[in-house]
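Any read-out appearing in this document is the output of simple, stated calculations on the displayed coordinates, not a laboratory observation. This structure is a prediction, so every number in the text was calculated from the model and none was measured. FYI the Cβ positions are ideal-geometry reconstructions off the backbone, even for glycines, and counts take in every protein chain you see.
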Amino acid sequence: MTALPSPAWPRFVRAAAAAALLLLLLPGASAQAARTGVGSEWLASRIDGRTADAIALGVSTEGARRVTESLSLRFMLEGRRRLSGFDADAADLRELLLEWRGPAATVRAGMGNVFWGVTESRHLVDVVNQLDTRFDLSGHVKLGQPMAAASLPVGPATLDAYLLPCHRRRPLPWGSQGAHDRQADGAWVELDCDGRVGKAVRLSLVADALDLGLGYFDGIAREPAAAAGGRTYPEVRRWSLDGQLTLGSWLLKLEALGESRPGPHRRAAVAGFEYTLANLAAWADIGLLYEHLEESDCPAFTCGDMAGIRIGLNDEQDTQALFTALRDSESGRTGYLLQAERRLGSAWKLKLDARRQRSASFLSLRLQYFF
């Protein structure tokens, strides 16, 4: 597989941004929504007994513009620049997507960001985009993916189809620089383009209390496989199912997949629930989470049980926190995740991310100003 050369990737981003700017300046183009955040971040890691930290400045911007009545442009860009400490430089064009809404279908093209799935401990079926673990370890922040996509109604359901012309390797978390398999040159993660085009299809249905999704993917795996020379990304074919059923205060969740790849056939599933104790106290809503994880060959922290608690304070600052503990049934070890955020005034936000798993711990504390 050949990679788009490192100097070409920033040129590609600049060219795409210039094209987007031209569209935004067209007569009739109007803003639908836009938000920009700037701030500072403290990052720390402890890996195999080695401790490191860094201070960085960050900026993010996202929004949408309507070019014509049926044509719009969505954009999302995030970057971080080290001030001191380890190499924390990171940036990505997460989204630069043209969307055309027709009478029978919606067509999108550009750099997109797509999320599939419902579970908390592991996003099994989420396969369109690569994770960006330089910014987040929970699987909610992802690298932009070049794509051409279409959505159309199929009876009561919706069919989404994607062509994915390039692949991106998963970067290592912050503080992991210097590992032999680091796949990022500078701040940008390369595009690997060799002519192979991935394909993804999802049929989704929302019927009263039930959300159901059936997915298919044929392309290069997003999850790296361990190999003698580092990490590899085999070609895979997978079928997936995800569903969520709402029964009053209960959310019942399921993700499952079957995958053909080099070696043994892979099967994996995550199932569980979230029970919300609404107005347990006047000051908070509390959610109790449990999920059971299974996989055919049980790599680290893919088989076991997760328990957690989600707290949302009923305050003007929209304070939220999530804590989970995942016990690996193979090793008996437990991994922990803590995420919390709180608005400070009308424009500031404080966010905490912390994770410990095996011999690695990561911590991020971010203060941002939005305008």
Taking the Cα centre as origin and putting +1 on Lys and Arg beta-carbons and -1 on Asp and Glu beta-carbons, what dipole magnitude results for the chain, to the nearest 20 debye?
820 debye
Among ALA256, VAL107, LEU210, which residue has its Cα positioned farthest towards the positive end of the charge dipole of the chain, with +1 placed on the Cβ of Lys and Arg, -1 on the Cβ of Asp and Glu, and the dipole taken about the Cα centre?
VAL107
Whole-number percent relative contact order across segment 238-343, with pairs defined as alpha carbons under 8 Å at least 6 apart
16 percent
If R0 is 30 Å, what FRET efficiency do you get for TRP250 and THR158 from their C-beta distance, rounded to 0.05?
0.75
Charge dipole of segment 117-227 about the Cα centre (unit charges at C-beta), most positive-ward option of VAL118, PRO153, ALA187
ALA187
Using only Cα atoms, what Kirkwood radius does segment 298-371 have, in angstroms?
13.9 Å
Chymotrypsin sites (Phe, Trp or Tyr not before Pro) lying in DSSP loop within segment 103-146, provided at most 13 other Cβ fall within 10 Å:
PHE115
Are there chymotrypsin sites (Phe, Trp or Tyr not before Pro) in segment 228-297 that DSSP marks as loop and that have at most 15 other Cβ atoms within 10 Å, and which are they?
TRP283
So ALA105 and ALA64, fully extended at 0.36 nm per residue minus their Cα-Cα distance, gain in nm 12.8 nm
With r defined as the distance between the Cβ atoms of ILE55 and LEU338 and R0 fixed at 30 Å, what FRET efficiency is calculated, to the nearest 0.05?
0.90
Which of LYS349, LYS142, LYS199, LYS253 comes first, and how do the rest follow, when ranked by fewest Cβ neighbours within 10 Å?
LYS199, LYS349, LYS253, LYS142
Do you know the relative contact order of the chain, to the nearest whole percent, from alpha carbon pairs under 8 angstrom that are 6+ apart?
13 percent
GNM on the chain, Cα springs under 10 Å; top mean-square fluctuation among ASN129, ASN314, ASN113 goes to ASN314
Difference of contour (0.36 nm per residue) and Cα-Cα distance, HIS140 to ASP297
54.0 nm
Give the value in nm², to one decimal: projected area of the alpha carbon convex hull of the chain, averaged over all directions.
19.8 nm²
Quote the charge dipole size of segment 219-371 about the Cα centre in Debye, to the nearest 20; the model charges only the Cβ of Lys and Arg (+1) and of Asp and Glu (-1).
500 debye
Mean projected area (nm²) from the convex hull of Cα positions in segment 194-253 is 6.0 nm²
Loop-located GluC sites (Glu not before Pro) in segment 49-146, at most 10 other Cβ atoms within 10 Å (DSSP)
GLU69
Normalised by the number of residues in segment 36-163, what is the relative contact order in percent for Cα pairs under 8 Å and 6+ residues apart?
16 percent
Rg/Rh of segment 66-224 (Cα atoms, Kirkwood Rh), to two decimals, equals 1.00
Under unit Cβ charges (Lys, Arg +1; Asp, Glu -1), what dipole magnitude, rounded to 20 debye, does segment 46-175 have relative to its Cα centre?
180 debye
